Amino acid sequence: MAFSELFPDNIDLLEQYGAEIVRFSILQDSSLPPDIDGIFISGKFPEFFARELASRREMREAIRTAILDKKMPVYSAGGGTTYLSKRHIDRHGKSYPMVGIVPAVIRSTDKPGK
């Protein structure tokens, strides 16, 4: 599952400082939950879901609007940062639009570091 790599220590720390964690699914929900004050997008395997993530235009726009227009803070880890990038290019050279907040194009390869 995309973005399934949650580090319990991060969640625990946020809760210790008073955050109420509201979970949502980038792949299943069409918009962000109402009345949130920040976004946390964890890591893990967005490259395997690039086509689906790109097809979720409403969610991409909701996140982009929250960050740019509403100045909502966002924290991303690994794959979450890939999702926030301009585009993701898969191992076969197919390009998919992402949120567009991080000014980068991410390319997946068959070998790490290439």
> Of all residues in region 34-56, which are among the basic types (Lys, Arg) and free of Cβ contacts under 8 Å to residues at least 40 places away in the same chain?
Replying inline: Arg56
>> Looking only at region 56-107, count every residue that is of a type outside the set (A, V, I, L, M, F, W, C), in a helix (DSSP H, G or I), out of contact with any His (no Cβ under 9 Å at 6 or more places or on another chain) and under 29 Å from Asp9 (Cα atoms) and tell me the total.
In response: 7
> Just wondering, is there one or more residues in region 74-83 that are among the small types (Gly, Ala, Ser) and either touching a Cys at 6+ places or on another chain (Cβ under 7 Å) or farther than 30 Å from Ala19 by Cβ (or both)?
Replying inline: no
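Could you please find all residues in region 59-73 being surrounded by fewer than 16 Cβ atoms within 10 Å (Cβ to Cβ) and either within 13 Å of the chain's Cα centre (by Cα) or touching a residue at least 12 places away in the same chain (Cβ under 8 Å) (or both)?
If the condition is that a residue be surrounded by fewer than 16 Cβ atoms within 10 Å (Cβ to Cβ) and either within 13 Å of the chain's Cα centre (by Cα) or touching a residue at least 12 places away in the same chain (Cβ under 8 Å) (or both), then Glu61, Arg64, Leu68, Met72, Pro73 are the ones that fit.
Yes/no per residue for (1) open to solvent by 80 Å² or more (accessible area, probe 1.4 Å); (2) of a type in the set (A, V, I, L, M, F, W, C):
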site: Arg51; (1), (2): yes, no
site: Arg57; (1), (2): yes, no
site: Gly80; (1), (2): no, no
site: Ser85; (1), (2): no, no
site: Val99; (1), (2): no, yes
site: Val102; (1), (2): no, yes
site: Lys111; (1), (2): yes, no
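The values are calculated or read from the model by the stated rules, or taken from the named source; none is laboratory data. Note that this is a predicted model, so its numbers are computed, not measured. In this analysis, Cβ positions are derived from the backbone assuming ideal geometry, glycine residues included, and neighbour counts consider all displayed protein chains. Calculation scope for accessible area: heavy atoms of the full protein, side chains included, ligands and nucleic acids excluded. Shrake-Rupley method; radii C 1.70, N 1.55, O 1.52, S 1.80 Å.
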